[in-house]
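J.: Following this message is one structure expressed as structure tokens.
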Amino acid sequence: MTISSIMRARIALTNVARNVECTRSIYLHKGPRVAGLKRDPEQVFVTNQGYKYGTDSENIKNIKQFLSDKYAVSDELTLQCLTHKSFGNGIKPHNEKLYALGSKLVQLYFAKYVIDTPNTNNESAINGKNFDVIGTPIAKELGSRMALGIFAKQNGLNSVMFWKSYNNKVNFASSGEMKVSAQMLLALVGAVNLVHGKQTAEEFIREKLLSTGELEDITVKIVQEAH
Amino acid sequence: MLRQVIKRTAAKNISLVRTSGYVASRSYHVTKFDSRLKTEYQLLTDYSSYKHTIYTHRLPESTAEQCPLLIALHSRLNLPKEYQLSTLSQALNMQQFGSDGLANNFGLSTLGKNLLSYYTCEYLVMQYPRLPMAVHNTAVDAYMGKLTLAEIGKSWGIEVDTVSKLQHFLSQEPEAMKYGRLRFQLEEEKNTVKEDGVYELSQVEMESVDTNNEFIPKEIEAYASAVQAVIGGLYTHVGENATKAFIHDHILSRKLPVDKMFQFSKPTRELVRLCDKLGFTDPVELRLIAETGRLSAHAVYVAGAFVGKEKLGEGVGSSLKEAKTRAVVNALMGYYLYSPIDQDGNEPKLPSEAGYVFEEASVGGGDVAI
């Protein structure tokens, strides 16, 4: 063997080493959970009604329709709004931050909405704003999780949501569906706020939640039933 | 037998609870009217008709104008001239249920709190879109929590009204002076003799003591509510844009060390989960980059956290373990503290600003459970 052939062999060896790509082969477990085994995503990322996680038109159809073209957001963001942090232990993008932003905007908008009473005859009103409304049941329940949850259910917005209930056999409120639905709706407001800006998001609240009077009707029923 | 009886009565009580179409009221408590305010209204949704019928009135503007403290506060805060002194005086009144016959700051401070919450949240979400929720909430609290707002209120020069009626009379102080002070103490509290260095908790404060043996003094709460109410009053008189500018000037301009708010219990596990969430195909690896003096008393190791060929973070430590942990924490901080900038390298515009443009980067994916 000559020196040059040794050199050639070495170069060939290093080339081989360079071309080797490390690939992982992980066993994906199907069936019930076994500690330490990674579960097959095909099985895990499915809701208990059988909807598979993804931006399929079936999943996001209702929301797209509700948002209409004026307030449209991307499919990925719509799916993120529909995903609660309980889904797959938060491994998919979820709506927690969007919800935080949306809920602050809704609270603010409703506070501004209820005190905006230019023709009030309450002497304590300041500059045509009746502050006696703040703190009353109607003002507090208007953006509450119960009113928004029922609103989402009545409009079929929560028919596909990606979340995990601790017990999905109990009723709307106790299973957490009400809370998760309300959070989803608020996350939508947050998403519209991020995509289109605050002014459009406030138009969205006015047009989609208030102008039909549906949310106020629900809130009135909630307050009346409690008394 | 007794147990059966108890069970039966419990079952009866449950059936007595009225249920709406969806919801058993047991799992959700609907807000009730505060009977002490004797609120009257015509229709639930006729917001202009709501009125508390306990006797309260607003301070006449002419009386407020006689109070030098109010005028000083007004000009110190550089409030617009549309901002009435009577509203400013109302913002400083935390007396409940019209005990002094004047309208209090409850409505104003609730409105102010809503304004503060939104603008703080918006600012933080845009500034640090990937902040974990726990850190985000801590940051919100640091910007507009009660303790912070109380500090701001004190720095604005708001004084507490501790002068009792008798002292007021004896010192021949003008009547209007008290309308410029922060009013939250009842007359009998003012008359109690205070020992220096001894602080007696009131009944309300006793109830608010939590498991960590911490409580928020009423004075702090009063200061915080006054600051919120001043902001609410600003909205009432001059609208939202001026209020937003005020919040940015006074609250959000404070420097906040967000990077000091992190605490990781299982950083490596968190990084692995995070990379899984981000869909990286290669596994997370911790590698030794450099070392010196392994056999000496002062060894130094440099470790790196890698995914495939990408280095996510680097850490220096005096042991291998320390260097590894620092590398992982460095990688996590680099991800969480990401702050987007626009094309010119400036801070991005906020959704409430004109000319705001949406960037994908301002949507965070949320935290992972570890």
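The values are calculated or read from the model by the stated rules, or taken from the named source; none is laboratory data. Note that the coordinates shown come from a computational prediction; the quantities given were computed from them, not determined experimentally. FYI the Cβ positions are ideal-geometry reconstructions off the backbone, even for glycines, and counts take in every protein chain you see. The area values use the complete protein model at the heavy-atom level, side chains included, leaving out ligands, DNA and RNA. Shrake-Rupley method; radii C 1.70, N 1.55, O 1.52, S 1.80 Å.
J.: Using per-residue counts of other Cβ atoms within 10 Å, averaged over each peptide, order A:64-73, B:68-77 from highest down.
T.: In decreasing order of mean packing, A:64-73, B:68-77 become B:68-77, A:64-73.
J.: Another one. Which of B:212, B:174, B:140 sits closest to the plus end of the dipole of the stretch B:61-257, meaning its Cα is farthest towards the positive end, when Lys and Arg get +1 and Asp and Glu get -1 on the C-beta?
T.: After comparing all options, I get B:140.
J.: Can I ask one more? Looking at chain B as a GNM with Cα springs under 10 Å, which of B:293, B:308, B:233 has the largest mean-square fluctuation?
T.: Taking springs between Cα atoms under 10 Å, the residue moving most is B:293.
J.: Take chain B, connect every pair of alpha-carbon atoms lying under 10 Å apart with a spring to form a Gaussian network, then pick out the residue of B:143, B:28, B:128 with the largest mean-square fluctuation.
T.: Among B:143, B:28, B:128, the largest mean-square fluctuation in the Gaussian network model of chain B belongs to B:28.
J.: In square angstrom, rounded to the nearest 10, how much accessible surface does residue A:61 have for a 1.4 Å probe?
T.: Its heavy atoms expose roughly 100 Å² to the probe.
J.: Hey, another quick one. What angle, in degrees between 0 and 90 and rounded to the nearest 10, separates the Cα long axis of helix A:145-154 from the longest principal axis of the Cα atoms of chain A?
T.: 80
J.: Let me ask you something else. What does the convex hull of the Cα atoms come to per residue for the stretch B:93-175, in Å³?
T.: With only Cα atoms used, the stretch B:93-175 gives 122 Å³ per residue.
J.: Could you give log10 I(q)/I(0) at q = 0.09, 0.10 Å⁻¹ for the protein assembly as shown, computed by the Debye formula over C-alpha point scatterers of equal weight, without solvent?
T.: -0.88, -1.04
J.: Which value, in nm² and rounded to one decimal, describes the direction-averaged projected area of the C-alpha convex hull of chain A?
T.: Details: hull surface 85.4 nm².
Computed as one quarter of the Cα hull surface, the answer is 21.4 nm².
J.: Return the distance in nm (one decimal) between the two label points of a simple spin-label model at residue B:357 and residue B:339, each offset 7 Å from Cα along Cα→Cβ.
T.: Rounded to a tenth, the inter-label distance reads 2.1 nm.
J.: Quick check for me: using +1 on Lys/Arg Cβ and -1 on Asp/Glu Cβ, what's the dipole size of the stretch B:262-338 about its Cα centre, in debye to the nearest 20? Please list the in-between numbers first.
T.: Values: 11 positive and 8 negative charges, 30 e Å.
For the stretch B:262-338, the charge dipole is close to 140 debye.
J.: Per-residue ellipticity at 222 nm for the protein assembly as shown, helices alone: DSSP H runs ≥ 4 residues times -39500 (n - 2.57), over residue total, nearest 500 deg cm²/dmol?
T.: After summing the helix terms and dividing by residue count, I get -14000 deg cm²/dmol.
J.: Residue B:212 versus residue B:200, label points 7 Å from Cα toward the beta carbon: distance in nm?
T.: Here the modelled spin labels are 2.9 nm apart.
J.: Under 4 °C and 1.567 mPa s, how fast does the stretch B:262-338 diffuse according to Stokes-Einstein, given a Kirkwood radius computed over C-alpha pairs? Answer in µm²/s, whole number.
T.: The estimated diffusion coefficient comes to 102 µm²/s.
J.: Quote the charge dipole size of chain B about the Cα centre in Debye, to the nearest 20; the model charges only the Cβ of Lys and Arg (+1) and of Asp and Glu (-1).
T.: Working: 40 positive and 44 negative charges, 305 e Å.
Using Cβ point charges on Lys, Arg, Asp and Glu, chain B gives about 1460 debye.
J.: Let me have the relative contact order for the stretch A:46-226, percent, based on Cα pairs under 8 Å that are six or more residues apart.
T.: 28
J.: If you line up the long axis of helix A:57-67 against the longest principal axis of chain A, both from Cα atoms, how many degrees apart are they, to the nearest 10?
T.: 30
J.: Calculated FRET efficiency, residue B:166 and residue B:36, Cβ-Cβ r, R0 22 Å, to nearest 0.05?
T.: Plugging the Cβ-Cβ distance into 1/(1 + (r/R0)^6) gives 0.20.
J.: From other protein chains only, count the Cβ atoms within 10 Å of every residue's Cβ in A:118-127, then give the mean.
T.: That works out to 6 on average.
J.: Rank B:306, A:162 by accessible area, highest first, at a 1.4 Å probe radius?
T.: Values: B:306 30, A:162 0 Å².
Heavy-atom accessible area, descending, gives B:306, A:162.
J.: Relative to the longest principal axis of the C-alpha atoms of chain B, give the angle of the C-alpha long axis of helix B:320-336, reported between 0 and 90° and rounded to the nearest 10°.
T.: Its long axis makes an angle of about 50 degrees.
J.: To the nearest 10 Å², what's residue B:326's accessible area with a 1.4 Å probe?
T.: 120
J.: How large is the charge dipole for the protein assembly as shown, taken about the Cα centre, if only the Cβ atoms of Lys, Arg (+1) and Asp, Glu (-1) carry charge, to the nearest 20 debye?
T.: In total the dipole reaches around 2740 debye.
J.: Please give the per residue volume of the convex hull enclosing the alpha carbon atoms of the stretch B:61-257, rounded to a whole number of Å³.
T.: 140
J.: Further, regarding this structure: Rounded to the nearest 10 Å², what accessible area does residue A:58 have for a 1.4 Å probe in the complete protein model?
T.: 100
J.: At what distance in nm do the modelled label points of residue A:56 and residue B:100 sit from each other, each positioned 7 Å from its Cα along Cα→Cβ?
T.: So the two model labels end up 6.5 nm from each other.
J.: With Rg and the Kirkwood Rh both taken from Cα atoms, where does Rg over Rh land for chain B? The partial results should precede the final answer.
T.: On the way: Rg = 27.9 Å, Rh = 25.7 Å.
Result: Rg/Rh = 1.08.
J.: Determine the shielding of peptide B:30-39 by partner chains: average, over its residues, the number of Cβ atoms on other chains within 10 angstrom of each Cβ. Provide the component values of the computation, followed by the final result.
T.: On the way: counts 13, 11, 6, 7, 3, 0, 0, 3, 0, 5.
For this peptide, the per-residue mean of nearby foreign Cβ atoms is 5.
J.: Going through the stretch A:120-227, which trypsin sites (Lys or Arg not before Pro) have at most 11 other Cβ atoms within 10 Å and a DSSP loop state? Can you show the working numbers first?
T.: On the way: sites: A:129, A:140, A:145, A:153, A:164, A:169, A:179, A:198, A:206, A:208, A:221; in loops: A:164, A:169.
Passing both the DSSP loop test and the Cβ count: A:169.
J.: Based on the Cβ-Cβ distance of residue A:159 and residue A:43, what FRET efficiency does E = 1/(1 + (r/R0)^6) give at R0 = 22 Å, to the nearest 0.05?
T.: Numbers: r = 22 Å, r/R0 = 0.99.
Efficiency, rounded to the nearest 0.05: 0.50.
J.: Express the carbon and sulfur contribution to the solvent-accessible surface of chain B as a percent, rounded to the nearest whole number, probe 1.4 angstrom.
T.: Carbon and sulfur: 52 percent of the exposed surface of chain B.
J.: Residue by residue through A:162-175, how many Cβ atoms from other chains fall within 10 Å of the Cβ on average?
T.: Mean number of neighbouring Cβ atoms from other chains: 2.
J.: At R0 = 45 Å, how high is the FRET efficiency between residue B:295 and residue B:151 if r is their beta carbon distance? Nearest 0.05 is fine.
T.: Computed FRET efficiency for residue B:295 and residue B:151 comes out at 0.30.
J.: Take every DSSP beta bridge whose two residues both sit in the protein assembly as shown, then give the antiparallel share in percent to the nearest 5.
T.: 80
J.: Please report the relative contact order for the stretch B:262-338, taking Cα pairs under 8 Å with a sequence separation of at least 6, and give it as a percent rounded to a whole number.
T.: 25
J.: On to the next question. Any idea how far the Cα center of the stretch B:312-360 sits from the one of the stretch B:54-92, in Å?
T.: 45
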